[in-house]
Amino acid sequence: MDKRLAPFALRFRSVSVRLAIWYTLATAATLSCLFAAGYQLLERHLIHGLDLLTTAQFEQVKSHLHLEDDKLDPAALEERLRKVTDHAAVLFYIDVHSPGRGTIFQSTNIRGRVIPDVKGERFFNSHVEGIGDVRVGEFILGPIDVNVATPLRTVHNVMEGYAEVCLALFGTMLVASGVIGYCLSQLALRPIRKISETANRIRSDNLSERIEVSEVRDEVSDLAHMLNQMFDRLEFSFNNIRHFAAEVSHELKTPLSLLRLLGEKMLLDGTASAAHQESIQVQLEELARLDQIVEELLFLSRVEARGVHFQMVEANPARFLHAFAQDAKVLAEHHQVRFAYTHDGEGPVQFDDKRMRQVLLNLLSNALHISPAGSHVTLRSMLADGKWVLRVEDEGPGLPADKHEQMFERFVRHQPQESGYKGSGLGLAICRSIVGLHKGRIFATHGPNDRGLHVVIEIPALAA
Ligand SMILES: Nc1ncnc2c1ncn2[C@@H]1O[C@H](COP(=O)(O)OP(=O)(O)O)[C@@H](O)[C@H]1O
Ligand SMILES: [Mg+2]
């Protein structure tokens, strides 16, 4: 949908905000109808009150008219009515006229003005110059009409007050309903949020975790149940694939060993010609590589199926690092690269030193293979803030940022063919599995000025 056309509320990515807006809009609509209906009812009620008043006033005027006696003599009317109308001058404007003779009597407060008539209406609103809006009651009494008008000012004042109060209430209620709507939607969406948190946590390495299903059967528990069934199926397929990979690797190992033995035997026999010997040598190298890939695949599928026993020992990593650095130095020298290592911080970390050595050797081997002769490879270790952070830094060509995550996937190799290095592309995937089982994480960044690659490992440390 075009973003510009999307309704205002739909543009928000948060359902809570959207629900709060809908709730506020619904409240606004309800309140508007309520206040408008209240306005109408109150106004009608007040006007009805005015009509009753004008009727009462007419009754009083009528009782003083005695029409049968004086045949509409203005002087007689003046004498009888003036007193009555002067008494009521604050509230009523009275006009007595007859169709044939025009005005016969007017209360003093009208001062010659005309009360406009609305044909066919007995009670109506009108406007008199100099007096303002009035409510008029027209009473027909034989040959004469008596108009009793009373100002609408009080009604207007009450209605204005009502509108002001409604407006203030409306604003307050809108803010309140927005807040209430947001809180309610947060409350209603809490189970959904819990579901998405758990679903987010479930990855290939903890596929057995499941979403908690509440006892109450509702739409949310149905959703959780459905997702759990989906995870069941996923786990089943994943396990199948893992078993398959493990079995295939396992099955391949024996014929591979046999082939290698045969090749080695042919070399030892010395019966093969020089050309044959060379091709047997190449075959043996390729077989060794294949053997390593199979070995790594087997290890990876075992780690993922939790089939590898990790000997987690609580130790200060300084000694482990020192031992590793000695071997690393020798390896680096072999590649004409300078190796250095630093370690800061004291405290215990729970780790399997054999597996962590495997990880570091993998990273070191990657760094050494790619580093130009004479460059530096540095291992920095720091134990602080409940974390053991290890960084393997090289000064090689590095990798573009979009490949930093991809390189940890299986069979991903970015080495150019001409580099001569033929890796399996499984090393970093193995590193990630091992670090994951230490409840840590491993990722890559680039070095200063985009030079080189830094691979960082973070493992939670125990409280000192
Ligand atoms: N230090 C590094 N600098 C640049 N690229 C690297 C580095 N380490 C790993 N890589 C890239 O990541 C890919 C995957 O590494 P890895 O999983 O160890 O497989 P392999 O070493 O068998 O190729 C490598 O092929 C390489 O292209
Ligand atoms: Mg490697």
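The values are calculated or read from the model by the stated rules, or taken from the named source; none is laboratory data. Since the structure is predicted, the reported quantities are computational estimates derived from the model, not experimental observations. All Cβ positions, glycine included, derive from the backbone under ideal geometry; neighbour counts span all protein chains shown. These accessible areas exclude ligands, DNA and RNA; they are computed on the full protein's heavy atoms, side chains included. Shrake-Rupley method; radii C 1.70, N 1.55, O 1.52, S 1.80 Å.
Using 1/(1 + (r/R0)^6) with R0 = 22 angstrom and r between the beta carbons of VAL313 and GLU346, what's the FRET efficiency to the nearest 0.05? Spell out each step's value before the answer.
Values: r = 17 Å, r/R0 = 0.76.
For R0 = 22 Å, the calculated efficiency reads 0.85.
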Please give, to one decimal in nm, the separation of the simple spin-label points placed at ASN239 and LYS354, each 7 Å out from Cα toward the Cβ. 2.6 nm
With the dipole of the chain worked out from charges on the C-beta (+1 for Lys and Arg, -1 for Asp and Glu) around the Cα centre, which of THR27, VAL61, PHE236 lies farthest toward the positive end? PHE236
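Count charges around LEU46 for me, please; just the other residues with Cβ under 14 Å from its Cβ, Lys/Arg as +1, Asp/Glu as -1.
On the way: positive: ARG44, ARG135, ARG153; negative: GLU43, ASP51, ASP133, GLU160.
With Lys, Arg at +1 and Asp, Glu at -1, the neighbours total -1.
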Could you check the spin-label model distance between GLN281 and ALA168? Points 7 Å from the Cα along Cα→Cβ, value in nm. 10.0 nm
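What FRET efficiency comes out for the pair SER273/ARG410, r = Cβ-Cβ distance, R0 = 45 Å, nearest 0.05? Intermediate results must be reported in sequence, preceding the final value.
Numbers: r = 40 Å, r/R0 = 0.89.
Efficiency, rounded to the nearest 0.05: 0.65.
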Extension gain, SER32 back to SER204 (0.36 nm per residue minus Cα-Cα distance, nm): 56.5 nm
How far apart, in nm, are two points set 7 Å out from the Cα along the Cα-to-Cβ line at MET230 and at ALA176? 4.1 nm
For the stretch 305-464: relative contact order, % (alpha-carbon pairs under 8 angstrom, 6 or more apart): 24 percent
So which trypsin sites (Lys or Arg not before Pro) in the stretch 103-165 pass both tests, a DSSP loop state and at most 13 other Cβ atoms within 10 Å of the Cβ? ARG111, LYS119, ARG122
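Tell me which trypsin sites (Lys or Arg not before Pro) from the stretch 11-52 have a DSSP coil assignment and no more than 12 other beta carbons within 10 Å of their own. Write down the numbers at each step before the final one.
Details: sites: ARG11, ARG13, ARG18, ARG44; in loops: ARG13.
Listed in order of number, the matching sites are ARG13.
Where in the stretch 153-244 are there GluC sites (Glu not before Pro) that are in a DSSP coil and have at most 11 other Cβ atoms within 10 angstrom of their Cβ?
Passing sites in the stretch 153-244 are GLU212, GLU215.
Too long at a 31 Å Cα-Cα cut-off: which of LYS253/LYS354; LYS253/LYS387; LYS62/LYS119; LYS253/LYS329; LYS265/LYS329; LYS265/LYS354? Before the final figure, lay out each step's value.
Working: LYS253/LYS354 23 Å; LYS253/LYS387 39 Å; LYS62/LYS119 22 Å; LYS253/LYS329 33 Å; LYS265/LYS329 35 Å; LYS265/LYS354 34 Å.
Listed pairs above 31 Å: LYS253/LYS387; LYS253/LYS329; LYS265/LYS329; LYS265/LYS354.
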Calculated from DSSP helices alone, with each H run of at least 4 adding -39500 (n - 2.57) and the total divided by the residues of the chain, [θ]222 nm to the nearest 500 comes to -19000 deg cm²/dmol
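Taking only complete DSSP H runs, can you tell me which helices of the chain stretch 15 Å or more along their own long axis by Cα positions and average at least 1.0 on the Kyte-Doolittle scale? Mind dumping the intermediate values first?
Working: long enough: 15-63 (72 Å, 0.61); 74-87 (19 Å, -0.96); 153-201 (69 Å, 0.44); 219-269 (75 Å, -0.04); 274-304 (45 Å, 0.01); 317-334 (26 Å, -0.03); 353-370 (25 Å, 0.03); 427-437 (16 Å, 1.73).
Taking the DSSP H segments of the chain (at least 15 Å long, mean hydropathy at least 1.0), we get 427-437.
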Charge dipole (the stretch 99-221, unit charges on Cβ, about Cα centre) - positive-most of THR154, PHE105, CYS166: PHE105
Can you give me the solvent accessible area of TYR23 with a 1.4 Å probe, rounded to the nearest 10 Å²? 90 Å²
